[in-house]
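Every number in this text was worked out from the coordinates using simple rules, so none of it is lab data. If you're wondering where the values come from, they're calculated on a predicted model, not measured in any experiment. We place every Cβ from the backbone using ideal geometry, glycine too, and count neighbours over all the protein chains shown.
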Amino acid sequence: MLIGMGCDHGGFELKEKVKKHLEERGFEVKDFGVQTPDPIDYPDAAKPVCLAVSDGSVDCGILFCGTGIGISMAANKYKGIRAALCGDVYSAKMAKEHNNAQIICMGGRVIGQDLACMIADTWLDSEFQGGRHERRIAKIHEPENN
Ligand code: RB5
């Protein structure tokens, strides 16, 4: 399992923490940056991770900005991408089980580091349930073809 990670300056510290945690758990992480807390526009941080998820060069992605809002909005503009903003463990579980989100987003100025690690763990350890959720997910993407 290769996880792509990206962040802007508002998510930098949290990205570093979650990255370390997941590597300690044995996951392979491809870090698309940023590597410093210098300001960067969050759509630019979302782009390489979304493209890597789309072309299959990573299996999934985790994005961080100050709130998680801007970077999730940016990520969801990429065709086929389902990026879920998660601030709690239940949402992280549902983001995989029901929405099969390939990317989760978190806010470095909003949630604590231990919670962020639990959110990432829960999402990675959950399974998509398929069934009726397949139909609903297909409908999410219908507007992309119009
Ligand atoms: C950057 O200051 C901040 O706007 C950004 O990290 C994010 O919170 C946007 O949604």
Which numbered condition residue 15 fails, given (1) out of contact with any Cys (no Cβ under 7 Å at 6 or more places or on another chain); (2) basic (Lys, Arg); (3) within 12 Å of the ligand (Cβ to nearest atom): (1)
Report the residue count in region 39-57 for those that are crowded, with 24+ Cβ neighbours inside 10 Å and either aromatic (Phe, Trp, Tyr) or touching a helix residue (DSSP H, G or I) at 6+ places or on another chain (Cβ under 6 Å) (or both). 3
For the structure I just gave you, tell me whether residue 55 is under 17 Å from residue 74 (Cβ atoms) and acidic (Asp, Glu). no
Restricting attention to region 58-79, does a residue exist that is more than 14 Å from the chain's Cα centre (by Cα) and closer than 23 Å to residue 128 by Cα? yes
Criterion first (within 16 Å of the ligand (Cβ to nearest atom) and either closer than 13 Å to residue 62 by Cα or surrounded by fewer than 22 Cβ atoms within 10 Å (Cβ to Cβ) (or both)) does residue 27 satisfy it? no
Mind telling me which of the residues 10, 33, 4 ends up being within 16 Å of the ligand (Cβ to nearest atom), touching a residue at least 40 places away in the same chain (Cβ under 8 Å) and of a type in the set (Gly, Ala, Ser)? 10
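The rows are residues; the columns are (1) polar (S, T, N, Q); (2) in contact with a Ser or Thr (Cβ under 8 Å, 6 or more places away or on another chain).
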position: 84; (1), (2): no, yes
position: 91; (1), (2): yes, no
position: 98; (1), (2): no, no
position: 111; (1), (2): no, no
position: 139; (1), (2): no, no
Selection from region 69-82 of residues farther than 15 Å from residue 41 by Cβ and either of a type in the set (Phe, Trp, Tyr) or in contact (Cβ under 8 Å) with a residue 24 or more places away in the chain (or both) yields 78, 79, 80, 81, 82
Which one of these does residue 104 not meet: (1) farther than 21 Å from residue 45 by Cβ; (2) surrounded by 18 or more Cβ atoms within 10 Å (Cβ to Cβ)? (1)
